[in-house]
1. Once you treat every alpha carbon in the range 197-343 as an equal point and sum by Debye, what is log10 I(q)/I(0) at q = 0.15, 0.20 Å⁻¹?
2. Could you state the orientation-averaged shadow area of the convex hull built on the Cα atoms of the chain, in nm² to one decimal?
3. Suppose each label sits 7 Å from its Cα in the direction of the beta carbon; what would the residue 422-residue 484 distance come out to in nanometres?
4. Using 1/(1 + (r/R0)^6) with R0 = 25 angstrom and r between the beta carbons of residue 3 and residue 185, what's the FRET efficiency to the nearest 0.05?
5. Counting other beta carbons within 10 Å of each residue's own, what order do 530, 213, 74 fall into, fewest first?
6. Could the peptides 427-436, 362-371 be put in order, highest first, of the mean number of other beta-carbon atoms found within 10 Å of their residues?
7. Enter the mean projected area of the convex hull around the alpha-carbon atoms of the range 62-119, in nm², rounded to one decimal.
8. Under the 0.36 nm per residue contour assumption, what length would be gained going from the current alpha-carbon distance of residue 522 and residue 111 to full extension?
Ligand SMILES: [Zn+2]
Ligand SMILES: [Zn+2]
């Protein structure tokens, strides 16, 4: 009996790192390979990837990777996934032309040049082993966003990717509702749907509404205008460019990813830049303040982004000053609020005027609201529903929308990362849980699940460190010099008067005991010292700084 397995490895119970494995006859198609940005507790971690151990183990069985669109939470993990699969099998990657161009530029940076990237146009039929693949054109905050229909023996699995039903998109046609309805009429077995805005009532506003509000905001700005939005939001960049052109201002792009994405987007015809409008950042100062619009990265308060550097007066090309207006044409992704607020506050300190989405409707979400989710369900009429791309609350709300349009509660599988849904002629049920979780990327290194390193960093950042150096005689094992105590970042140390001396005494005492017990191995000594000192420090400070004893033999 034919069996189908749909295993989410990321994107459920969270916003970010989307990755779903669809499996039939032991052949695999992976849909999306996303990443997530770290939360502030993940000290020193740059990126978070889904734990894709499962894919590594099944590398030989992977027919293809399909990417719905070019956002980091769908595409960002591609280099790491491919690099780790490569020794066994380097699967081809399929997606829309812009998505593949963005993938190419990522893979180039990682020196992965042998990967086969295949452009797929919506409506094209592609065979992938036991699956047939079709992309369906959708609207979202990046061009070339697609839903993925995987035809299998049992029926069609439709993964919506990120979408909204924008009736007046800035570029290209609206979502292909007629093809969705047709798929629905043919019979969709399982819908894996975007839940991001399941908690917002009604319909999302159209992207094209944003343009005139931007123009209005621009027309009131006395000096330079700095607009920040997602670098991948090419439609938004287009609208900023149009508003600037209407007001006869020049436009400069600042920030590496902004320049890169606009370059790719304009090569593929997704953005039109009127001749003579764009100026390189180094020429900004050649124009009067009221003749310039700067489009910058940094809408999420990212530490190294152009806007953040400008706010901290650390940008080589743009020095902000009084009279500048900074326009946030984006809302913070949950988790980024603090960084964004910090940036905004710095901008006020510099003397800028700051306009956010609270002041004017200068942003439209790329994800459909509740009524759009219902529309998708009614068009596709899936037999089973798996709410994806959302935290638990939004997944659950998406499930409720499903029930509201008449899907049987027993056919709604809220699911979790690592929990495969197994479907056959008899029905659908969860299978045995597979490994899923997070992998941390620290610089360019991909960690194992670096829990220990993270715990250490958290400890260091909260409670500081004691380093204790003890010197013992190689012959007798006894202490031969005053122990040295070095500490950094330990809170409340002043209030624990004499603690450093107590630590020294405790070291001497512990070493004496050790000699008495005949302990001479350095690592055993160090671990004994650690236990003694950690207990002492905790007792006195009620804190757990890292305690690092170093024993030197002379
Ligand atoms: Zn997404
Ligand atoms: Zn997206």
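1. With no solvent term, the Cα-only Debye profile gives -0.75, -1.33.
2. 31.4 nm²
3. Output for this residue pair reads 6.1 nm.
4. In this case the efficiency is close to 0.50.
5. Ranked by crowding around the Cβ, least crowded first: 530, 213, 74.
6. 362-371, 427-436
7. Seen from a random direction, the Cα hull of the range 62-119 projects 3.4 nm² on average.
8. In short, 143.6 nm is gained.
We did not get these values from a lab; they are worked out from the coordinates using the rules stated. Everything quoted here is computed from the prediction, not taken from an experiment. Cβ atoms come from the backbone with ideal geometry, glycine included; neighbour counts cover every protein chain shown.
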